[in-house]
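Since the structure comes first, as structure tokens, the remarks are kept for the end.
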Amino acid sequence: QVQLVESGGGLVQAGGSLRLSCVASGSIFRINTMGWYRQAPGKQRELVATITSSRSTNYADSVKGRFTISRDYAKNTVYLQMNSLKPEDTAVYYCNLLQFVNDYWGQGTQVTISS
């Protein structure tokens with residue numbers, strides 16, 4: 001089994017920054033993809049960014065140039081550095097681990113951006 005625990009959410013003003021962290025524990029293998037998704041009220045969950053084992057990254061167009069995903073293998077942790085935050089970034093952010101055919105999710109952390 002795999003557990004994912006997110007942290008780092010909060011309330012910031014537009015233009016500010018936040019750094020989200022997600023620690024994975026349990027049966028973690030070297031080859032996997034970790035990522036961040038978000039879900040705003042009344043909207044579907046959407047991809048924010050992913051990073052593979054080889055550190056190949058993928059970003060949603062809406063966050064390119066503002067968000068940076070990274071990972072620390074030794075700590076089994078994935079980070080999301082969010083800069084130049086906008087009110088439309090307000091959502092619950094979920095950590096995801098895709099390992100073989102298994103998909104794991106964290107509980108989510110709330111990010112609220114005030115205008």
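Protein chains only, probe 1.4 Å: how do Arg45, Arg38, Arg19 rank by accessible area, largest first? Before the final figure, lay out each step's value.
Details: Arg45 95, Arg38 15, Arg19 125 Å².
The most accessible residue leads, giving Arg19, Arg45, Arg38.
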Given the Cα-Cα distance of Gln110 and Glu88 and 0.36 nm per residue of separation, how much length would full extension add, in nm? 6.6 nm
Separation in nanometres of the label points that stand 7 Å from Cα toward Cβ, at Asp72 and Val23: 1.0
May I ask you to give the solvent-accessible area per residue for the chain, in square angstrom, as obtained with a 1.4 angstrom probe? 54
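Using a probe of 1.4 angstrom, how much of the accessible area of the chain is carbon and sulfur, in percent? Before the final figure, lay out each step's value.
Numbers: 3020 of 6180 Å².
The C+S portion of the solvent-accessible surface of the chain is 49 percent.
Under the definition of Cα pairs under 8 Å and six or more residues apart, what whole-number percent is the relative contact order of the chain? Intermediate results must be reported in sequence, preceding the final value.
On the way: 276 pairs, mean separation 41.2, N = 115.
Once divided by the residue count of the chain, the mean separation gives 36 percent.
The values are calculated or read from the model by the stated rules, or taken from the named source; none is laboratory data. Here the structure is a predicted model, which is why all the values come from computation and not from measurement. Backbone-built Cβ (ideal geometry, glycine too); neighbour counts: all protein chains shown. Surface areas here come from the heavy atoms of the whole protein model, side chains and all, with no ligands, DNA or RNA. Shrake-Rupley method; radii C 1.70, N 1.55, O 1.52, S 1.80 Å.
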